[in-house]
Amino acid sequence: MGAHGPGIVRLRCSVKKYAWGKLGKESGVARMYASNSGETINGDEPFAEFWMGTHGSGPSYAVLPAQVNGELRNGDLGGIDGGKRNHCDLVSLKDWIEQNPSVLGDKVLQKWGPNLPFLFKVLSVAKALSIQAHPDKDLAAILHKQQPGVFKDDNHKPEMALALTQFEALCGFVSFEEFKTVLQNVPEIIEVVGAATANQVLQISKEDGEKKLKEVLRSLFTKLMSASKAVISEVVFKLISRLNVKREAGELTDKEELVLRLEKEYPGDVGVIASFLLNYVKLNSGEALYLGANEPHAYIHGECVECMATSDNVVRAGLTPKKLDVQTLCSMLTYKQGFPEILRGVPSNPYTVKYVPPFNEFEVDQCILPQDKSTTFPAIPGPSVFLVVAGKGAVSKELVAEGDVLFTPANTEIIVETTSGLSLYRAGINSSWSSNALKNWGCDKWVSKSFPGALEEVLGSSLFDALHSVKEGSSAPTNEKQDQNQIEELACIHHSHDVALLERSSRGED
């Protein structure tokens, strides 16, 4: 940022004590919240989610110096004494960004307005969350208008979960072949939906086309989820009795073991039997999965960092005592089938791995820094949120430890260093979106003319040639400030291009 612009700010963040969270100090969320807020943890309380962002349901607050002569001295972190913040004011991050919109960067501000486009979280899951899905933008706008008390915003909520520990989830519908196998091996589903509906599935083939496959799946899933509580309770009792016999014989599958666990957490719940139709995913630490709008899922157990578009819209249909909206959920789903893509990240440097989902609003970096090492996060054209999950060190000279959260403005180079070891995560705007935004400006010829040789040096010859294919007639920057902004974003594109090449290489693509 410029010499007079707002700088790095610490954030005081919110916590959610949902019933499914881990208790007390067993919860990573609880430990981070205690360090972040200075509050004492009650060991009997569940601590489920740690929120970092601007959403009204769990806002973060910028820790700013106390007012001096009626004005805030933005950019100064204030006094710090033994980890305690002295003589500081708390201003909601949303309000602070609205007062200082330049911290977002021009292109982010133009695209998403004066608001942080992503919401960053840590989850500590002791028992399963609901079977749920998040609406797309069109449906979110309708639901928010109809039920603003339930659907708090009009935004979509694509998300990515990156495992901190082994992490279990149900995610998306099983493949076409497995779907048929489930019906053949789980007679309780047929008892609920009827033989005619089940036979539609068993008799269909891929040659009937994707549209027909989705229609049949939608019909079966809707009948299952819409069955009466009395019917489901009776059928789940039969299912559990049958599986207990199999367990005594040592014949249970992983999915059947999961079903027995879910039934103990949510006795007689339709989600227990519906889980057979969803993919059972086990992530190791450092692996991630992502979910688009209108995809069914349920997180089961473990701890993760999660990033999403800024929204809190959820439609639930099972594994929860909360309000269900089965009709909306069954009508909104895409009914795509198949196992979800697992992201293992792409190294940006020896200590940092980047996870880039197919959503514009966000990406996540994992940085594990050994003792006596340092690394640099290049300046990028959007804001970032840094979360320290373990160790101690410094982020651009600011001392940090577990639970510290920093907001860094656009176009700010960040240097991370440690003498004892440090683990942190960074959430920021998707670098692929930044790349496309730059290409759409068509500024390559302007840079070549204004800075001879600079464009090819910054981007590399292959991306340089690609940018020369941009159509003529695009507007070019016209002043020194725009010159600097363009060059800074070109450097970001070089970084994004390297990541894209590494992704393709790791997949064995040309």
Reachable lysines, given that their alpha-carbon falls under 17 Å from the alpha-carbon of LYS111 and they are not under 8 places away in the same chain: LYS94, LYS137, LYS157, LYS439
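Report the Rg/Rh value for the range 1-55, based on alpha-carbon coordinates and the Kirkwood definition of Rh.
Using Cα coordinates only, the ratio equals 1.16.
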Diffusion constant of the range 214-303 at 37 °C, which comes from Stokes-Einstein with the Kirkwood Cα-pair radius and 0.692 mPa s, µm²/s: 222 µm²/s
Long-range HN-HN contacts of ARG316 with modeled amide H, under 5 Å: ASP325
23 Å Cα-Cα reach of LYS206 towards lysines, excluding residues that sit fewer than 8 places from it in its own chain: LYS180, LYS214, LYS223, LYS336
Nonlocal amide H pairs with LYS17, under 5 Å, H built at 1.01 Å: ALA48
Percent of alpha-carbon pairs separated by more than 21 Å within the range 288-394: 52 percent
Under 20 Å from the LEU260 label point (7 Å along Cα→beta-carbon), backbone N, the range 308-348: none
Mean Cβ count within 10 Å, highest first, over the residues of peptides 378-385, 20-27: 378-385, 20-27
Partners for LYS25 among lysines (Cα-Cα distance below 23 Å; same-chain residues under 8 apart left out): LYS16, LYS17, LYS84, LYS121, LYS127, LYS392
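Per residue, how much accessible surface does the range 246-303 expose to a 1.4 Å probe? Answer in Å², no decimals.
On the way: 2050 Å² over 58 residues.
I get 35 Å² per residue for this part.
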Amide N proximity, the range 44-65 versus ASP95 label position 7 Å along Cα-to-Cβ, cut-off under 18 Å: 53-65
For a label point 7 Å along the Cα-to-beta-carbon line of LYS17, residues of the range 32-51 with backbone N under 16 Å: 32-35, 37-51
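The values are calculated or read from the model by the stated rules, or taken from the named source; none is laboratory data. In this text, all values refer to a predicted model and were calculated from it rather than measured experimentally. Cβ: placed from backbone, ideal geometry, glycine included. Neighbour counts: every protein chain shown. We work out accessible area using only protein heavy atoms, side chains counted, and drop any ligands, DNA or RNA first. Shrake-Rupley method; radii C 1.70, N 1.55, O 1.52, S 1.80 Å.
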